[in-house]
Amino acid sequence: MERKSIVLYDGDCYLCRQTKQVIGLLDWFGAFRWLSLQEYERRQTVTSKQRQAIRGEIHIVQPDGKINKGYQAVRFMLIRCLVTAPLGVLMYLPKSEVLGDPLYRWVAKNRYRIFKNKCTNGVCKLPQ
């Protein structure tokens, strides 16, 4: 049984790759295993609805099978890294998702436009 949480991220997304790099450096306890959505789709049979959901926001699959998505996934990661744990705690305060969820969704929806100048080899394309 997998003992690490699996972080599914968009390997074509600059912001997602940067998130992987930063959290990877801060994950001193080895809590996460990173898997690009593209690799996950090659390994797993996914429906088009699942594919669209996974490409829309970061997903974390916990060892017990529970799935965190979007804002909930970000705070799940942050609270498990010693350096970012205080921010993670703040993100678990009651009503924090009132601002956090819409902000996360806006960034996720616009990430290809926001970071288009950071793309190489044409990889920043809007997901189909």
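The values are calculated or read from the model by the stated rules, or taken from the named source; none is laboratory data. Since we're looking at a predicted model, the values are computed, not measured. Cβ atoms come from the backbone with ideal geometry, glycine included; neighbour counts cover every protein chain shown.
Results, tabulated for the structure shown:
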{"item": "The range 15-29 residues that are at pLDDT below 95, paired with ones that are in a helix (DSSP H, G or I) (beta carbon under 6 Å, 6 or more apart)", "result": "LEU15/ARG111"}
{"item": "Hits in the range 30-53 - residues which are of a type in the set (Ser, Thr, Tyr) and either closer than 20 Å to THR84 by Cβ or free of Cβ contacts under 8 Å to residues at least 12 places away in the same chain (or both)", "result": "THR45, THR47, SER48"}
{"item": "Looking only at the range 12-34, and only at residues there that are of a type in the set (Gly, Ala, Ser) and within 18 Å of ARG75 (Cβ to Cβ), the one that is surrounded by the fewest Cβ atoms within 10 Å (Cβ to Cβ)", "result": "GLY24"}
{"item": "Every residue from the range 76-119 that is outside any helix (DSSP H, G or I), more than 18 Å from TYR9 (Cα to Cα) and either out of contact with any helix residue (DSSP H, G or I) (no Cβ under 7 Å at 6 or more places or on another chain) or at pLDDT below 95 (or both)", "result": "LEU82, LEU93, PRO94, LYS95"}
{"item": "Residue in the range 32-63 that is farthest from VAL107 (Cα to Cα), counting only those that are part of a loop (DSSP other than H, G, I, E, B) and under 14 Å from the mean Cα position of the chain (by Cα)", "result": "GLN62"}
{"item": "Count - residues of the range 63-121 that are free of Cβ contacts under 8 Å to residues at least 40 places away in the same chain, β-branched (Val, Ile, Thr) and within 19 Å of ALA53 (Cα to Cα)", "result": "2"}
{"item": "Where GLY56 falls short, out of the listed (1) closer than 16 Å to SER5 by Cα; (2) in contact (Cβ under 8 Å) with a residue 60 or more places away in the chain; (3) not aromatic (Phe, Trp, Tyr)", "result": "(1)"}
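Here's the yes/no breakdown for (1) of a type in the set (A, V, I, L, M); (2) surrounded by fewer than 17 Cβ atoms within 10 Å (Cβ to Cβ):
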| site | (1), (2) |
| --- | --- |
| SER36 | no, no |
| TYR40 | no, no |
| ARG51 | no, yes |
| GLU57 | no, no |
| VAL61 | yes, no |
| GLY70 | no, no |
| LEU78 | yes, no |
| VAL83 | yes, yes |
